[in-house]
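Here is the structure we will look at, set down as C-alpha cells.
The values are calculated or read from the model by the stated rules, or taken from the named source; none is laboratory data. Everything numeric here is computed off the predicted structure, so don't read it as measured data. Cβ coordinates were reconstructed from backbone atoms using ideal geometry, including for glycine residues, and neighbour counts include every protein chain displayed. Ligands, DNA and RNA are excluded from the accessible area calculation, which covers all protein heavy atoms including side chains. Shrake-Rupley method; radii C 1.70, N 1.55, O 1.52, S 1.80 Å.
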Amino acid sequence: MKLSSTIILCFLFCAFIAFSQEPIKITVENQKPEVTVASNMYGIFFEDINFAADGGLYAELVKNRSFDFPNSPFMGWTSYGKVEVKTDGAPFPRNPHYLRLNNPGLLTGTGIINEGFRGIGVVKDAKYNLSLYARKISAGEVKLKTEIISAAGEIIAKGEIEVTSSDWKKYKIEFQTKETCSHSKLRIDLVTKGEVDVEHISMFPADTWKGRENGMRKDLAQALSDLKPGVFRFPGGCIIEGNNLETRYQWKNSVGPVENRPVNENRWNYVFQHRFTPDYFQSYGLGFFEYFQLCEDFGADALPVVSCGMACQFVTEECVHGEDLEPFIQDALDLIEFANGPVTSTWGKVRAEMGHPAPFGMKYIGIGNEQWGEVFPKHLEAFQKAIKAKYPEIQIIGSSGPYAEGEQFDYLWGEMKKLNVELVDEHYYKDPKWFLENAGRYDNYSRKGPKVFAGEYACHVQPEKKNSFYSALCEAAFLTGIERNADVVRLATYAPLFAHVDAWQWKPDMIWFDNLRSVKSANWYVQKLYAHYPGTHVQKVKMNGENVTGQQGIYASVATDENKKQLVIKIVNTGKSKKNILFNLNLKGLPNELKGKKITLKAGLDDENTLDEPFLVQPSESEVLFFSSGLNISIAPESFNVLVLGL
Ligand code: AHR
C-alpha cells in the first residue's frame, strides 16, 4: 500500500513538473519566403555495393550466368560428369565463355548446379522464367532436365528443354515452385547421351517490378518508389572509379542486349579484409538503360556519374593524362546523347532500339566521385568545356572529395568555385555528435557560386554501425539544417542504399534484404518523411531569435507547401524529456481553429528494424488542433515529428 501511494505521488509530481514546464517558444516568422525547396531535393543514391545490383535489385537469380567471371568461369557453379569451358564460336563475343556438356551415357550423368547469390530464393506457387542459349553438338535427341532443388535437397520444380538446333538458339521454360525456399539451387542435367553447348543461363521471377523482362526485384524497387525520390544518383560511388581504370564502370558496356554486356569486376570484392567477397562481379544486367527507366518509373531526375579518368584514389594513383582523357570526355558526351539525343543520333538510336525512343530528359552529370588533388580540377575543367560547348543546359556536379572538412575539402571547394560548376558533391559518414553539431553547417555557407549536393551521408553509430533509431534521429536533426538552407543545398541522398544480409561490405544501409524478404530501416522512414513533405518554400523559424539547431535538444525547420496549401514543421527532440513547444505561427486570414496531423517516429535509441522484426521502428500518426495564432504541442523525448497543418 505504502509503496503504491509513493509511486502515485511520484507520478503526480512528474506530471505536474511536465505540465507546469514553461513551454519553449518557437516563432515561425512567416515573412514572404525567399527560399524555395528544390522539388527534387530528397533522392536516392545507388551503388553496387553489398550485392545491391546483382543478387539484389536486379532480379536475376543465376550467378555467373555466362561463365565469364574473370579467371573463374565455374564460380557459382558445380559441375559433374564431363563439362568443359569453351570459347570458339561463342554467340556473344563480349562474354565469350560457354560450357560444353558431354554425357557419354554413364548413369552418373553430366550437369551443372548454380548456387545463386548466397542461394536462390523461390516462393511457393510463384512462377520463374528460365532461359538459356544452347546448340546441339551430337546428332540425335538432346534433352536437358531443369530442376530447382531446395536447401533440404528436394526437387521443388522441374522442367525439360529439348535442344533442337545445331545453331545457337534461345530456349525458355517456366517453372512453378512447390515450396518456398530462400536457399535453393538450379540444376541443369544433360539426360540424353551426347554433347550440347550451353550459354547465358538465366532465371528471373515472372513477377518483376512492372512485369519487365530483365527486370528488377519487385519489393526492392517498390521500397525505392515508396520514398518518392526526387533525384536518383547512379551507379556509384567508388564503383565508377574502379580499383583500376580498366575495371571502372563503363556505361557503354551496360547497354544493348544483356547477353553481350561484358562482365566486370566489382570494386567491393576484396576491399575490406573482414568482408572479402571474391564472387562479387557486375553483370551489367542492371545497366544505364535500366537506371534511366527506373528514374522515369519513380519520377526522379537521373543523376549519372562517370569516371573522370582517375581510378579510386583510396586504392591507386592510376590516372590518365593529356589526350588520354579524350575518350573519357567522349563517354560523357555520348552518355548525354544516349539519354537525350534524337533517335537518329548514334546513341539515341541505341536507346530507341532498347525500347525507349523518347528522350529520358537527363539534366545532371556527375564527373568523378571522391577525387582529390590537383589533377581532378584540371580533368573536370576539360569535361566542363566539352559538355557546355555541346550541351549548355546540362548541370555539372563536381566534388569536394571524401571528407566533410579539412585541407582537401577547402582546396576543392575553392577550385569548384573557380570553375563555377553548378553543384558540389559533399560526403559525410560521421558519428552522431557530428550530425547534431552540424545542423547549422549550411547557415553561413556562401550564397554565391555552386550549390551543394549532399550526395552521400549516413550517421555511423560505433561500434556496430547499426541502422539504429538513434542514427536516424541524428540524420533527421541534421536534415532540418539542410531544409533551412534549401537555397544552398539543392539535392541530398543518403548512402548506401541496399545491403544483402549475407553479402554486405558496408553498413549502415537504407534497405536490407535476403533472398526473399526486405526491410526498411529507421533511416528509410526519415528519408521518406522528408521526401513526402518537402514543402515548396522555407519559412524562417527562430527560438529566442536564433535558428533552432539543438538548443534544449530541439531541432526544427518549417516549410510551406504552396501547392498543397500546407505548413510543414519538422521537429526533433533529442532530449531525454518531453518538451512542450509553443509555436507562434503568425498565420493570417485563416479560420480560428484548424486540424492537422502529427507524424511521429519514436523508438528505443538502439532499436533497429530487421528482417525478423521489420516494424520495430515506424511512424505513427495523430491529429493535432492548431490555431491561426499558434500551436501548443508536446514533443516526445527522443523523437522526430512532422506536423502537417492544412492552410
Ligand atoms: O557509399 C559507399 C562508398 O562511400 C562510396 O562508394 C564512396 O563514394 C564513399 O567512399
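Before moving on, here are some points about what is shown:
- Filter pass, Lys193 being over 37 Å from the mean Cα position of the chain (by Cα) and among the basic types (Lys, Arg): yes
- Residue match in segment 424-434 (condition: among the hydroxyl-bearing types (Ser, Thr, Tyr) and in contact with a strand residue (DSSP E or B) (Cβ under 9 Å, 6 or more places away or on another chain)): yes
- Number of residues in segment 86-116 that are among the hydroxyl-bearing types (Ser, Thr, Tyr) and open to solvent by 10 Å² or more (accessible area, probe 1.4 Å) equals 2.
- Listed by position, the strands (runs of 3 or more DSSP E) enclosed by segment 420-534 that each have at least 2 residues that are in contact (Cβ under 8 Å) with a residue 60 or more places away in the chain and within 16 Å of the ligand (Cβ to nearest atom) are 423-430, 451-459, 489-494, 498-500, 511-513.
- When residues in segment 399-416 are screened for being in a loop (DSSP other than H, G, I, E, B) and over 25 Å from the mean Cα position of the chain (by Cα), 1 of them pass.
- Filter pass, Ala52 being under 24 Å from Val231 (Cα atoms), in contact (Cβ under 8 Å) with a residue 24 or more places away in the chain, within 16 Å of the ligand (Cβ to nearest atom) and not charged (D, E, K, R): yes
Each row is one residue, and each column tells you yes or no for (1) part of a strand (DSSP E or B); (2) without any contact (Cβ under 8 Å) to a residue 60 or more places away in the chain.
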| residue | (1), (2) |
| --- | --- |
| Gln293 | no, no |
| Glu296 | no, no |
| Val305 | yes, no |
| Glu317 | no, yes |
| Glu323 | no, yes |
| Phe338 | no, no |
| Thr344 | no, yes |
| Gly348 | no, yes |
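- Hits in segment 350-361 (condition: among the hydrophobic types (A, V, I, L, M, F, W, C) and not in a loop (DSSP other than H, G, I, E, B)): Val350, Ala352
- Residue in segment 265-283 that is of a type in the set (D, E, K, R), farther than 30 Å from Gly76 by Cβ and buried (at least 16 other Cβ atoms within 10 Å of the Cβ) present: no
- Counting only strands (runs of 3 or more DSSP E) wholly contained in segment 556-612, the ones carrying 2 or more residues that are over 35 Å from the mean Cα position of the chain (by Cα) and more than 28 Å from Asp509 (Cα to Cα) occupy 579-584, 593-602.
- Tally, over segment 117-171, of residues that are more than 33 Å from the chain's Cα centre (by Cα), open to solvent by less than 50 Å² (accessible area, probe 1.4 Å) and among the polar types (S, T, N, Q): 3
- Just one of the listed residues (Thr536, Thr549) is open to solvent by 10 Å² or more (accessible area, probe 1.4 Å), farther than 26 Å from Glu47 by Cα and in contact with a Phe, Trp or Tyr (Cβ under 7 Å, 6 or more places away or on another chain), and it is Thr549.
- Within segment 212-241, tally of residues that are open to solvent by 30 Å² or more (accessible area, probe 1.4 Å) and among the aliphatic types (A, V, I, L, M): 0
- Selection within segment 335-344 - open to solvent by less than 20 Å² (accessible area, probe 1.4 Å) and of a type outside the set (Val, Ile, Thr): Leu335, Phe338, Ala339, Gly341
- Some residue of segment 139-153 being touching a residue at least 60 places away in the same chain (Cβ under 8 Å) and of a type in the set (D, E, K, R): no
- Subset of segment 254-286 [small (Gly, Ala, Ser) and part of a helix (DSSP H, G or I)]: Ser254
- Selection of segment 460-505 for residues being of a type in the set (Phe, Trp, Tyr) and either at pLDDT below 95 or more than 20 Å from Ala531 (Cα to Cα) (or both) yields only Trp504.
- Contact map, segment 265-280: first residue in contact (Cβ under 8 Å) with a residue 40 or more places away in the chain and under 21 Å from Glu115 (Cα atoms), second residue open to solvent by less than 50 Å² (accessible area, probe 1.4 Å) and not in a loop (DSSP other than H, G, I, E, B), Cβ cut-off under 7 Å, separation 6 or more or different chains; pairs are Glu265/Thr247; Glu265/Phe281; Asn266/Phe281; Asn266/Gln282.
- Extreme residue, farthest from Ala300 (Cα to Cα), among residues of segment 362-396 that are assigned to a helix (DSSP H, G or I) and not hydrophobic (A, V, I, L, M, F, W, C): Lys378
- Qualifying residue in segment 77-89 (condition: modelled with pLDDT under 95 and out of contact with any Asp or Glu (no Cβ under 9 Å at 6 or more places or on another chain)): no
- Looking at Glu241, Glu318, Glu296, Glu259, just one residue is acidic (Asp, Glu) and within 16 Å of the ligand (Cβ to nearest atom), and that residue is Glu241.
- Cβ-Cβ distances below 8 Å connect the following pairs, each with a first residue in segment 360-379 that is away from the ligand (no atom under 16 Å from the Cβ), a second residue that is open to solvent by less than 10 Å² (accessible area, probe 1.4 Å) and among the charged types (D, E, K, R), and a separation of six or more residues or different chains: Phe360/Arg351.
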